[in-house]
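The values are calculated or read from the model by the stated rules, or taken from the named source; none is laboratory data. Source: prediction; values computed, not measured. For neighbour counting, all protein chains shown are included, and Cβ atoms are generated from backbone atoms with ideal geometry for every residue, glycine included. Calculation scope for accessible area: heavy atoms of the full protein, side chains included, ligands and nucleic acids excluded. Shrake-Rupley method; radii C 1.70, N 1.55, O 1.52, S 1.80 Å.
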Amino acid sequence: PGHLPTFNSMAIECHLHRIPQLGDQFIYLNDDVFFLRKTTSSSFLTPDGGHEVPLEEGPMPSSLLRGETTDRSLAYTGLVLGRRFASLSPGLLVAHGPQVYDRRWMNWIWGQWQAELERTSRSRFRQTDCIAWRYLYYYSLLHLAANERPEFARSSSYPMRILSAKELQLLMLANSAENISSHLESIDGSPPAFLCINDDEPDTAAAKRK
C-alpha cells in the first residue's frame, strides 16, 4: 500500500501473483493483445506441469544509456541476472503476447531478488533500474539447473520456443488507422493465433536524448 498510487506497469507486473483466488498457473497479456484463433492449454503448458518460454526473434537490449526506458530496464534486468548466471548472454526478446506464470515460481523469484523487486515496486514511473519481470522470470527458468529449482518444479520442463509469424504478429499503429485496416485484411484468410496492436510512442527521456 505504501507504494501506491503507481503508474509503472513493471511495478504492477511483479505483483500479479498477489491477486486473490488466482490459480497457481495463469495467463497474462496486455490489453493490446488479441486472440484470433481457438487456443487450448497445450499451447502454453507442458504435459509434466511446466510451461513454455515464449520468445521472438530479436536480441534483448544491452545498453543502459540508449533507447527508451523499457529497453534500458531490459538491459538492467540482464545485468541483474548476469550476477547470478555467469554464462548469461542478452538472449532473445520475450514475446509480447500471452505469457504463462506460476504463482509459486513468482514467490520464489521474489525471495531471490527481493531488493531489486522492492525498488521496482516503489518506482511510480518506469526508470532504468526497474526490473522487467518477464525477462527475470523466464530467463531464470532457462538458466536454473533442475536440481537448483525449488522442490515443486524439479520434475517439470520449461522449454524455450520461438513464436513464428503464424502464431504471433505485432502491428504498430504509428498514428494511422489505415495500417490496422490493411493488415487485418491481409491476414483475414489465415490469421495468427495472437495479434498485438501496439500504439506505443517514445518516452520523453528517450526523445530528449535523440
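Some observations on this one:
- Residue match in the range 150-165 (condition: farther than 21 Å from L45 by Cα and assigned to a loop (DSSP other than H, G, I, E, B)): no
- The residues on offer are Y137, Y158, and the sole one that is at pLDDT 95 or above and under 16 Å from the mean Cα position of the chain (by Cα) is Y137.
- Filtered residue count, the range 118-142, keeping only those that are more than 17 Å from T70 (Cβ to Cβ) and of a type outside the set (S, T, Y): 4
- Flag for D71 being at pLDDT 90 or above and under 19 Å from the mean Cα position of the chain (by Cα): yes
- For the residues R72, R84, R37, R103, the requirement of being exposed (fewer than 15 other Cβ atoms within 10 Å of the Cβ), among the charged types (D, E, K, R) and either in contact with a helix residue (DSSP H, G or I) (Cβ under 7 Å, 6 or more places away or on another chain) or farther than 30 Å from P191 by Cβ (or both) singles out R84.
- Selection status of L142, in contact (Cβ under 8 Å) with a residue 12 or more places away in the chain, out of contact with any Phe, Trp or Tyr (no Cβ under 6 Å at 6 or more places or on another chain) and in a strand (DSSP E or B): no
- Residue in the range 156-166 that is closer than 30 Å to H3 by Cα and of a type in the set (D, E, K, R) present: no
- Every listed requirement among (1) open to solvent by 20 Å² or more (accessible area, probe 1.4 Å); (2) within 13 Å of the chain's Cα centre (by Cα) is met by H143 save one, (2).
- Residue check, L117 within 19 Å of P1 (Cα to Cα) and open to solvent by less than 10 Å² (accessible area, probe 1.4 Å): yes
- Among residues of the range 9-34 being closer than 29 Å to L173 by Cβ and β-branched (V, I, T), the one that is surrounded by the most Cβ atoms within 10 Å (Cβ to Cβ) is V33.
- No other residue among P61, P1 is modelled with pLDDT under 95 and surrounded by 15 or more Cβ atoms within 10 Å (Cβ to Cβ) apart from P61.
- Exactly one residue out of P54, P61 is without any contact (Cβ under 8 Å) to a residue 60 or more places away in the chain and within 14 Å of the chain's Cα centre (by Cα), and it is P61.
- Residue pairs whose Cβ atoms lie under 7 Å apart, sitting 6 or more positions apart in sequence or on different chains, and linking a residue in the range 11-25 that is among the hydrophobic types (A, V, I, L, M, F, W, C) to a partner that is open to solvent by less than 80 Å² (accessible area, probe 1.4 Å) and in a loop (DSSP other than H, G, I, E, B), are A11/H3; A11/S123; I12/T6; C14/I131.
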